[in-house]
Amino acid sequence: MSVTTIQAPPVGARRKPGELGDKIFQAMCMGAGGFVLILLGAIIVTLFLGGLPAFERFGAEFIWGTVWDPVEGQEEFGAGVSILGTLTSSVLAIIFAVPVAFGIAFFLTELSPQWLKRPLGTAIELLAAVPSIIYGMWGLFIVVPFVQMNIQFAFGDQLAAIPLIGFLFESTNFAGTSLFSASIVLAIMILPFIAATMRDVFDQVPPVYKESAYGLGATRWEVMTGVVIPYTRISVVGGIMLGLGRALGETMAVTFVIGNANRIATSLFDSTTTIASVIAMEFPESLSGSLQQSALFAIGFLLFVISFFVLALSRYLLRPRLK
Amino acid sequence: MNRRSLLALSASAIAAPAILRPAFAQQATITGAGASFPRPVYDRWAAAAREGANIALNYQSIGSGGGINQITARTVDFGATDAPLTTAQLTERNLFQFPTVMGSVVLTVNLPGVQNHQLRLTPEIITEIFFGRLNRWNDPRIVELNRDIRIPNIPVSVGYRADASGTTWAWTNYLARISEEWRTGPGSGTSVRWPAGNGARGNEGVSNLVRNTPGAIGYVENAYAVVNRLITTQIRNKAGNFVRPVNESFVAAAGTADWTVENMAPDTIDLAGANVWPITVGTYILLPTNPVADRVEGSRNSMRFFDWAFRNGSQAASALEYIPLSSQTHDLIRTRWGQAIKDPQGRAIWTGSNA
């Protein structure tokens, strides 16, 4: 066994914090950041260029035109019905979802016992992770027959007899696939997003505000309406807009249940269509370079613009309050 | 055993199949893309041809439009389409078209108490229903035709395919044929402007819509209707007879069509003949007439594949509820292959089944 001596590590000039490495890393990070912008720009440009022949052919009328006729030789395209269908189904979904989401958030932040908060919060987040095609299938096999049998057949005539708003329920479409079914399915899909945002912003209210109100003898409801909601109002609206943004672009689940008819729905039980459904239904069979494909690109571009504004608005409303 | 020899051993274990493979490596691979309607039969043929003709087919059912786009761009060996191209379109894209099998479209209804093949409909009634102008099933025009069955008094709901499809192409061609008003109005195509009804996705969507809605009527592929035991109807054909959607009526339609037309896509809708089912259509394959040098082999193997399928695959096609073509039609297709498809040197690529 030989004797080994332990040598101290050589002491040399300390390596300068790598000039080159830092530069490369910085360039790569910048590249990654810039790539996102370029990608976004490229998608917008591709959609616009793809849609250009349709915009040129139909002009601004493309946006409100209600005819969608892909038959060769008599092609005529207008996005009016699908834009209207997209907006009405999403807004109805918000109307259905917001009260429930508020209830969930209120329960989780104020009423729920401590041991229930975590599992319930996780369950809501899991609901957000269910793939949309699952909601579509569930919608088609459960919601549609339910709406048809238990709502439309059961109360349709009575609802239609209500003065002034009766027309909203009067329909000759008895298939159950309708604007109403689509809104219900959409509402359930966006519910977890809105509920999670509301819970988070309600939690951000400084406890001292709430405690002061309680100290003055306010009830829970008074604290909610007098302190929490005024404090978080704008962020709540931002969360709702986030849900709206998701509802606007939802494709498969809506396609299953909305009826896909290019007609304006005058009643909740009428079938109509959305931009995303039209693209999903017709794109695979459209010939490249045809006016139909161009019109599909053009409505894709319009959907992009609408979603962009909704999301930008939600970001603006949800921006950090403390500067 | 040291690390290196272990590495060498495992490497040879991985490589062994690759070294042994050349003995079987003669199998040719062809790629095709297009219509989803004939996918089951092409898949069945592909599974059998792997052994029988030593050709492996990779078929992607991306839709007829996609198939036409892909073969026009020459990214696949053959394209497949339900709606045939016209001679002008074929010439423009340098493509050759031939039929493989036929399919038919049937009407399915949901009328409580009405059995399969019981309800009789005339072209006039069908037109009125699909225009949305016939609103209740106990309309005198329907009742008069169906004295022997009890027709309930419920509203009519129309179901159609919302996704662009060859089934819609066939059905709207039929509607355009039986009604001048339909021809000049909604017209015919893979998707049209429906005057009434609800759109659903795919055959399964339409059949689900019909099953769930009392009083609903919709069109689906016959294969789908048979497999799912849907309630289908009789239709009065051009000869004035009420025909049932059964195999004899479809075969009669296939036999009546004149396949010698230039684009090999004869009119098969609403043919005259005593027991012809009026909505029977072919599904087609597109091959380039001028394949580039390195695609010549793929073209030849595509023709070998379909030649093999024509000789050995008719039984399988019938089992899947498709209608095989007659052997005269098969021979005609082989002759046309020899005439139409040339390699870059101008020689015919197809030189017979045994080449």
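All of the numbers you see were taken from the coordinates with simple rules; none came from a lab. This one's a predicted model, so the numbers in the text were calculated from it and none came from an experiment. Here the Cβ is made from the backbone with ideal geometry for all residues, glycine too, and neighbour counts use every protein chain on show.
Considering only segment B:40-87, state which residues are farther than 23 Å from B:Val292 by Cα, within 13 Å of chain A (Cβ to nearest Cβ) and either without any contact (Cβ under 8 Å) to a residue 12 or more places away in the chain or among the charged types (D, E, K, R) (or both).
Of everything in segment B:40-87, just one residue is farther than 23 Å from B:Val292 by Cα, within 13 Å of chain A (Cβ to nearest Cβ) and either without any contact (Cβ under 8 Å) to a residue 12 or more places away in the chain or among the charged types (D, E, K, R) (or both), namely B:Asp82.
When only residues in segment A:131-178 that are assigned to a loop (DSSP other than H, G, I, E, B) and in contact (Cβ under 8 Å) with a residue 12 or more places away in the chain count, which is surrounded by the most Cβ atoms within 10 Å (Cβ to Cβ)?
Top of the filtered list is A:Thr177.
Of all residues in segment B:143-165, count the ones that are in contact with a strand residue (DSSP E or B) (Cβ under 7 Å, 6 or more places away or on another chain), over 29 Å from A:Ile258 (Cα atoms) and not in a loop (DSSP other than H, G, I, E, B).
1
Which of the residues belonging to segment B:56-75 are part of a loop (DSSP other than H, G, I, E, B) and either surrounded by 24 or more Cβ atoms within 10 Å (Cβ to Cβ) or out of contact with any strand residue (DSSP E or B) (no Cβ under 9 Å at 6 or more places or on another chain) (or both)?
The answer is B:Gly63, B:Ala73.
Restricted to segment A:57-86, and to residues that are of a type outside the set (D, E, K, R) and in contact with a Leu (Cβ under 8 Å, 6 or more places away or on another chain), which residue is nearest to B:Gly65 (Cα to Cα)?
Applying the first criterion (of a type outside the set (D, E, K, R)) to segment A:57-86 yields A:58-60, A:62-68, A:70-71, A:73-74, A:77-86.
With in contact with a Leu (Cβ under 8 Å, 6 or more places away or on another chain) added as a condition, the list becomes A:63, A:77, A:79, A:83, A:85-86.
Values: A:Ile63: 26, A:Phe77: 19, A:Ala79: 22, A:Ile83: 25, A:Gly85: 26, A:Thr86: 26 Å.
The qualifying residue nearest to B:Gly65 (Cα to Cα) is A:Phe77.
Hey, among the residues in segment B:126-146 that are of a type in the set (A, V, I, L, M) and out of contact with any Asp or Glu (no Cβ under 9 Å at 6 or more places or on another chain), which one's nearest to B:Ile235 (Cα to Cα)?
If we filter segment B:126-146 for residues that are of a type in the set (A, V, I, L, M), which is where we start, we get B:126, B:129, B:134, B:142-143, B:145.
From the residues that got through so far, the ones that are out of contact with any Asp or Glu (no Cβ under 9 Å at 6 or more places or on another chain) too are B:126, B:129, B:142-143, B:145.
Numbers: B:Ile126: 9, B:Ile129: 14, B:Ile142: 12, B:Val143: 15, B:Leu145: 11 Å.
That would be B:Ile126.
I'm trying to understand the selection: among the residues of segment B:294-337, which are acidic (Asp, Glu), over 19 Å from the mean Cα position of the chain (by Cα) and either under 11 Å from B:Ser353 (Cα atoms) or crowded, with 23+ Cβ neighbours inside 10 Å (or both)?
B:Asp331 - this is the single residue of segment B:294-337 that is acidic (Asp, Glu), over 19 Å from the mean Cα position of the chain (by Cα) and either under 11 Å from B:Ser353 (Cα atoms) or crowded, with 23+ Cβ neighbours inside 10 Å (or both).
Within the group B:Pro155, B:Pro112, B:Pro99, B:Pro123, which residue is out of contact with any Lys or Arg (no Cβ under 7 Å at 6 or more places or on another chain), surrounded by fewer than 19 Cβ atoms within 10 Å (Cβ to Cβ) and either more than 10 Å from every other protein chain (Cβ to nearest Cβ) or not acidic (Asp, Glu) (or both)?
B:Pro112
Residues A:Leu49, A:Leu20, A:Leu84: which one is exposed (fewer than 10 other Cβ atoms within 10 Å of the Cβ) and either touching a strand residue (DSSP E or B) at 6+ places or on another chain (Cβ under 9 Å) or not in a loop (DSSP other than H, G, I, E, B) (or both)? Let's see the steps before the verdict.
Details: A:Leu49 fails: exposed (fewer than 10 other Cβ atoms within 10 Å of the Cβ); A:Leu84 fails: exposed (fewer than 10 other Cβ atoms within 10 Å of the Cβ).
Sole residue among the options that is exposed (fewer than 10 other Cβ atoms within 10 Å of the Cβ) and either touching a strand residue (DSSP E or B) at 6+ places or on another chain (Cβ under 9 Å) or not in a loop (DSSP other than H, G, I, E, B) (or both): A:Leu20.
Given the conditions (1) in contact (Cβ under 8 Å) with a residue 12 or more places away in the chain; (2) within 30 Å of B:Trp194 (Cα to Cα); (3) part of a helix (DSSP H, G or I), which single one is not true for A:Thr66?
So A:Thr66 meets the others, but not (3).
Looking at segment A:258-275, is at least one residue assigned to a helix (DSSP H, G or I), among the basic types (Lys, Arg) and surrounded by fewer than 22 Cβ atoms within 10 Å (Cβ to Cβ)?
Among the residues of segment A:258-275, not one is assigned to a helix (DSSP H, G or I), among the basic types (Lys, Arg) and surrounded by fewer than 22 Cβ atoms within 10 Å (Cβ to Cβ), which makes the answer no.
Whether any residue in segment B:83-96 is among the small types (Gly, Ala, Ser) and crowded, with 21+ Cβ neighbours inside 10 Å is what I want to check.
Yes, segment B:83-96 has at least one match.
Which pairs have Cβ atoms under 6 Å, sit 6 or more apart or on different chains, and link a residue in segment A:275-297 that is farther than 14 Å from B:Ala162 by Cα to one that is hydroxyl-bearing (Ser, Thr, Tyr)?
Listed pairs, sorted by first residue: A:Gln292/A:Ser286; A:Gln293/A:Ser286.
Mind listing whichever residues of segment A:69-81 are within 14 Å of chain B (Cβ to nearest Cβ), among the small types (Gly, Ala, Ser) and in a loop (DSSP other than H, G, I, E, B)? Even if it seems obvious, please write down each step before you answer.
To start, the set of residues in segment A:69-81 that are within 14 Å of chain B (Cβ to nearest Cβ) comprises A:69-78, A:80-81.
The next check asks that each one be among the small types (Gly, Ala, Ser); those that pass are A:73, A:78, A:80.
Selection gives A:Gly73, A:Gly78.
Is there a residue being surrounded by fewer than 21 Cβ atoms within 10 Å (Cβ to Cβ), part of a loop (DSSP other than H, G, I, E, B) and basic (Lys, Arg) anywhere in segment B:126-142?
yes
What number of residues within segment A:200-218 are more than 26 Å from A:Leu120 (Cα to Cα) and not in a helix (DSSP H, G or I)?
3
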